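The values are calculated or read from the model by the stated rules, or taken from the named source; none is laboratory data. These numbers were taken from a predicted model, which means no experiment stands behind them. A quick note on method: Cβ atoms are made from the backbone with ideal geometry, for glycine too, and the neighbour counts reach across all protein chains shown. All accessible areas refer to the heavy atoms of the entire protein, side chains included, with ligands and DNA or RNA removed. Shrake-Rupley method; radii C 1.70, N 1.55, O 1.52, S 1.80 Å.
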Amino acid sequence: MFFRIISPIFIDVKGDFVERLKTLMAREGIKSQYALAKALGIGITVVNGWFTGKVIHPSDKHLNSLASFFHVQPAWLRYGE
């Protein structure tokens, strides 16, 4: 787990988005970041950014693509709601 210190508070940089994404990937049999990127038609560096925590949340465009691909609501994917 990666943390970034902001004041004296610790914030989980990856959040739960990555865990939800991993769950969806497993459900659909997508075994790699590369396979996900290819299925969505986006660059592997974009997908890798989500998994490494370099990008905390995907852009709205990518979030909507993910939600559509996995048949889930964008809000659930981003926030777990």
Tell me, which residue of segment 15-42 that is open to solvent by 70 Å² or more (accessible area, probe 1.4 Å) and of a type in the set (Ser, Thr, Tyr) is modelled with the lowest pLDDT?
23
Of (1) within 11 Å of residue 18 (Cα to Cα); (2) crowded, with 16+ Cβ neighbours inside 10 Å; (3) of a type in the set (Phe, Trp, Tyr), residue 70 fails just (1)
Could you run through segment 43-57 and say how many residues are at pLDDT below 95 and among the hydroxyl-bearing types (Ser, Thr, Tyr)?
1
Pairs under 7 Å by beta carbon, first residue on the phi < 0 side of the Ramachandran plot and in contact (Cβ under 8 Å) with a residue 40 or more places away in the chain in segment 58-78, partner among the charged types (D, E, K, R) and open to solvent by 40 Å² or more (accessible area, probe 1.4 Å), six or more apart or different chains?
70/28
